[in-house]
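Colleague: One structure is given below, represented as structure tokens, and several questions about it will come after.
The values are calculated or read from the model by the stated rules, or taken from the named source; none is laboratory data. As the structure is a computational prediction, the values presented were derived from the model and not from experiment. Cβ placement follows ideal geometry from the backbone for every residue including glycine, while neighbour counts extend to all protein chains displayed. Surface areas here come from the heavy atoms of the whole protein model, side chains and all, with no ligands, DNA or RNA. Shrake-Rupley method; radii C 1.70, N 1.55, O 1.52, S 1.80 Å.
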Amino acid sequence: MLQITCPWCGPRDETEFHYGGEAHIARPSDPYALSDEQWADYLYMRKNTRGPHLEQWSHAAGCRRWFVVQRDTVSYQILGTYTLAEAPREVSHDPA
Amino acid sequence: MKKYSVFSLIRNGLSYHQNWAEAWRSPEPKAEYDAVVVGGGGHGLATAYYLAAEHGMGNIAVLEKGWIGGGNTGRNTTIVRSNYLWDEAAHLYEWSLKLWEGLSQELNYNVMFSQRGVLNLGHNLQDMRDISRRVNANRLNGIDGELIDANGVKKLVPMIELNGATRYPIHGASYQPRAGTARHDAVAWGYARGADARGVDIIQQCEVTGIRREDGKVVGVETSRGFIRTPKVGVVVAGNASVLADMAGIRLPLESHPLQALVSEPMKPILDTVVMSNAVHGYISQSDKGELVIGAGIDSYTGYGQRGSFSVIEGTIQAIVEMFPIFSRVRMLRQWGGIVDTAPDACPIISRTPVQGLYFNCGWGTGGFKATPGSGWVFAHTMARDEPHELNAPFSLERFHTGHLIDEHGAAGVAH
């Protein structure tokens, strides 16, 4: 089981959290300007990264706030947790 | 290929079974093939088999980075059924089930397909309405299915708990008698042997590291054993589909999750059918070796690590023990995870791509094993003719922007 450090509550068991998928997918500001392909890209297409991945988690059984976790999807090692404001946009490929 | 028969068994018995021929060769990769299948799991090997057997393409290779059948083919709970709700999915899975029914004869290899039936339990009124709708849809599509009540479940599975203080009591089930289980390794090995006999090169320990393209067309694959030239590449790599797509600059609507399973110590025969429950998240059958084979839901997070969190197993075991208190003291022997590529509509993608000569067969998510023969059959058709068969035409990559999604979350079962 993962141990995730909520930026507000500290380290807790994974079972307190809810997974929210890839981070930083911005809703297009003008959906009507998009083609069907662009809209589908926003709705469905995912990086599905093998390696360091920026993803959203919510502390569902705690403070209920959303935050960003950087986690290696092969080793499952958590490389960092951030509030939405301070979250990096690019994944770090050298966590050391 | 030496045919397996009672006579070959006796003949080889006379030499103490020391002289059986190898079931397939391990050739060096050639510089060029007419087509290359990436991924030596059941689906990839079936694709190669049908490319050779149905479309006369013998000069092809299957590239496998590990050993054949070592990914999800060897990591699933071997359930085979076709009771899907929507016409598109029902036809695809039913065609697969029909191929299963003749597969041991077709391949001259015992895949141990056992039509022991599958029960999908309902635990409340809405479950029963959904199940009833699905059974009716199945019957309209010519797929066997029965709606049975709690007593009917008890008749088929006498040790199931109906009267205890269960939080989710069993109200009934759908029952598909033609469904069942098969031997996972045998499917991979049988297709490998059949493909090899028709000239297909099965190359293990050969990882694809790049997909070379010129003018929007595939010209070959870079591998850990050198460049291989080919005009057609079919990618059938389950959990790693997005990684291969990335090599060709394509985005896929997939997320790869760990899906765990576990088996118990072997026991005397006690469960002669398959019991699945979407509501309490667990499914169980008994293998021919006597082990209880138990499956879970996917872990919520994405992952490529072929393992998941223990809390998911804990939840699964709680569900199984609530349904079968008699199993509460059974000891578990092994536990593992596979990486399943889940699609937004719980249906596969068997499709051409924007790159000419590049085909993807992915997105099977939690339920690919049952479709192994049908998946290979339609994908071989798609690769050989450069157009989908009518069975897999609805499962194109384009459906995500045309909006023709096929929502099978209900019938896809427990896991999502």
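Colleague: How many residues does segment B:79-112 hold that are farther than 15 Å from B:Glu408 by Cα and touching a strand residue (DSSP E or B) at 6+ places or on another chain (Cβ under 9 Å)?
Modeller: 6
Colleague: Further question on the same structure: Output the residues belonging to segment A:33-54 that are part of a loop (DSSP other than H, G, I, E, B) and not hydroxyl-bearing (Ser, Thr, Tyr).
Modeller: Answer for segment A:33-54, where residues must be part of a loop (DSSP other than H, G, I, E, B) and not hydroxyl-bearing (Ser, Thr, Tyr): A:Leu34, A:Met45, A:Lys47, A:Asn48, A:Arg50, A:Gly51.
Colleague: If you don't mind, there's one more thing I want to ask. Can you confirm whether B:Pro394 is at negative phi, open to solvent by 10 Å² or more (accessible area, probe 1.4 Å) and in contact (Cβ under 8 Å) with a residue 40 or more places away in the chain?
Modeller: yes
Colleague: Next question, about the same structure. With the checklist (1) buried (at least 17 other Cβ atoms within 10 Å of the Cβ); (2) more than 14 Å from chain B (Cβ to nearest Cβ); (3) part of a strand (DSSP E or B) in hand, flag the one item A:Ala87 doesn't pass.
Modeller: So the condition that A:Ala87 fails would be (3).
Colleague: Say we look at segment B:371-391 and pick out the residues that are touching a Leu at 6+ places or on another chain (Cβ under 9 Å) and open to solvent by 10 Å² or more (accessible area, probe 1.4 Å); which of these is nearest to B:Leu97 (Cα to Cα)?
Modeller: Taking the candidates together, the pick is B:Trp377.
Colleague: Right, next: Give me a count of the residues in segment B:239-276 that are more than 15 Å from B:Ser351 (Cβ to Cβ), outside any strand (DSSP E or B) and within 14 Å of another protein chain (Cβ to nearest Cβ).
Modeller: Counting residues in segment B:239-276 that are more than 15 Å from B:Ser351 (Cβ to Cβ), outside any strand (DSSP E or B) and within 14 Å of another protein chain (Cβ to nearest Cβ) gives 6.
Colleague: Next question. So B:Thr73 passes all but one of these: (1) of a type in the set (Ser, Thr, Tyr); (2) open to solvent by less than 80 Å² (accessible area, probe 1.4 Å); (3) assigned to a loop (DSSP other than H, G, I, E, B). Which condition number does it fail?
Modeller: Condition not satisfied by B:Thr73: (3).
Colleague: If you don't mind, another one. Among the residues of segment A:24-43, is there at least one that is out of contact with any helix residue (DSSP H, G or I) (no Cβ under 9 Å at 6 or more places or on another chain), away from chain B (no Cβ under 11 Å), open to solvent by 40 Å² or more (accessible area, probe 1.4 Å) and on the phi > 0 side of the Ramachandran plot?
Modeller: Looking through segment A:24-43, at least one residue is out of contact with any helix residue (DSSP H, G or I) (no Cβ under 9 Å at 6 or more places or on another chain), away from chain B (no Cβ under 11 Å), open to solvent by 40 Å² or more (accessible area, probe 1.4 Å) and on the phi > 0 side of the Ramachandran plot.
Colleague: Taking segment B:147-169 only, how many residues are open to solvent by 70 Å² or more (accessible area, probe 1.4 Å), at pLDDT 95 or above and out of contact with any helix residue (DSSP H, G or I) (no Cβ under 7 Å at 6 or more places or on another chain)?
Modeller: 5
Colleague: Now for a different question. From the residues in segment A:72-83 that are touching a Phe, Trp or Tyr at 6+ places or on another chain (Cβ under 7 Å) and farther than 14 Å from A:Thr5 by Cα, which one is most open to solvent (accessible area, probe 1.4 Å)?
Modeller: A:Val74
Colleague: Does segment B:274-303 hold any residues that are β-branched (Val, Ile, Thr), more than 19 Å from the chain's Cα centre (by Cα) and buried (at least 22 other Cβ atoms within 10 Å of the Cβ), and which are they?
Modeller: Within segment B:274-303, just B:Thr302 meets the criteria.
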